[in-house]
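Peer 1: One structure follows; several queries about it will come next.
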Amino acid sequence: MKKAFALALVFATVSLSQVSTAEAVRVRVRTRRTTVVVRTGFPIHRVFPTVVVRPGPVVRVAPRAYLAPVVFGAVVVATLPPPAARPWNAAEVLDREDGWTDFTMNVDRRGSGMLLQIDKGAAQLSFAEIVFENGDTQVVDFNDTVHRTGTYSLLDFRDGRKVDHVRVVAKADTRETEIRLHLLS
């Protein structure tokens, strides 16, 4: 009886140590790289990088008409507005090993502008595509430049438009970068 108990105790100890070791291992699933897909009328005309496309939300509104592109001005916002003035925010963590990444964030809310927050390290951005509920699409061109950590004004749309979704093409310039978007009320 004592031997059976001792054997069970050893078995349980070995099993638990293997579970904790397995949890510490980071599993990387390589996804297929593809070229950036843009619709007819997309306002930026340059060769886009090959990207890893992250699975995202099902978009309700497809870009219908592209507005004149906006060149990103890298206007730094000293402090974030209070949470009550930011009805929506979402983040995506980018890994340098993935390279260029294409991701989409579901917004589905009305606002007056958007902020871009870069955390945990610098990021190189190509463009952001903001699609409004009527299909109008505003493209913000970063021209593949690297931006340091901080909070930047991405786009102002003072008329209180409803944003359906935002698509971003970017890559981490450091080991890991977090890109967070804030919708302003």
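The values are calculated or read from the model by the stated rules, or taken from the named source; none is laboratory data. Just so it is clear, the structure is predicted and the values come from calculations on it, not from any experiment. Please note: Cβ atoms are built from the backbone with ideal geometry, for glycine as well, and neighbour counts cover all protein chains shown.
Peer 1: Of the residues THR137, THR145, THR177, THR104, only one is touching a strand residue (DSSP E or B) at 6+ places or on another chain (Cβ under 8 Å) and farther than 21 Å from VAL70 by Cβ; which?
Peer 2: Selected residue: THR177, the only one of THR137, THR145, THR177, THR104 that is touching a strand residue (DSSP E or B) at 6+ places or on another chain (Cβ under 8 Å) and farther than 21 Å from VAL70 by Cβ.
Peer 1: So is GLN117 touching a His at 6+ places or on another chain (Cβ under 8 Å) and either buried (at least 16 other Cβ atoms within 10 Å of the Cβ) or farther than 21 Å from VAL53 by Cβ (or both) or not?
Peer 2: Against the criterion (touching a His at 6+ places or on another chain (Cβ under 8 Å) and either buried (at least 16 other Cβ atoms within 10 Å of the Cβ) or farther than 21 Å from VAL53 by Cβ (or both)), GLN117 qualifies.
Peer 1: Taking the conditions exactly as written (more than 26 Å from ALA65 (Cβ to Cβ), aliphatic (A, V, I, L, M) and modelled with pLDDT of 95 or more), does VAL131 satisfy them or not?
Peer 2: no
Peer 1: Would you point out which residue out of LEU116, LEU154, LEU184 is in contact with a helix residue (DSSP H, G or I) (Cβ under 9 Å, 6 or more places away or on another chain), at pLDDT 95 or above and closer than 22 Å to VAL59 by Cα?
Peer 2: LEU184
Peer 1: Considering only residues that are basic (Lys, Arg) and touching a residue at least 60 places away in the same chain (Cβ under 8 Å), which ones fall in the range 131-185?
Peer 2: Listed by number, the residues that qualify are ARG167, LYS171, ARG175, ARG180.
Peer 1: Here is a further query. Where residues in the range 77-113 are under 17 Å from the mean Cα position of the chain (by Cα), among the charged types (D, E, K, R) and in a strand (DSSP E or B), which of them is surrounded by the most Cβ atoms within 10 Å (Cβ to Cβ)?
Peer 2: Restricting to residues being under 17 Å from the mean Cα position of the chain (by Cα), among the charged types (D, E, K, R) and in a strand (DSSP E or B), the top hit is ASP102.
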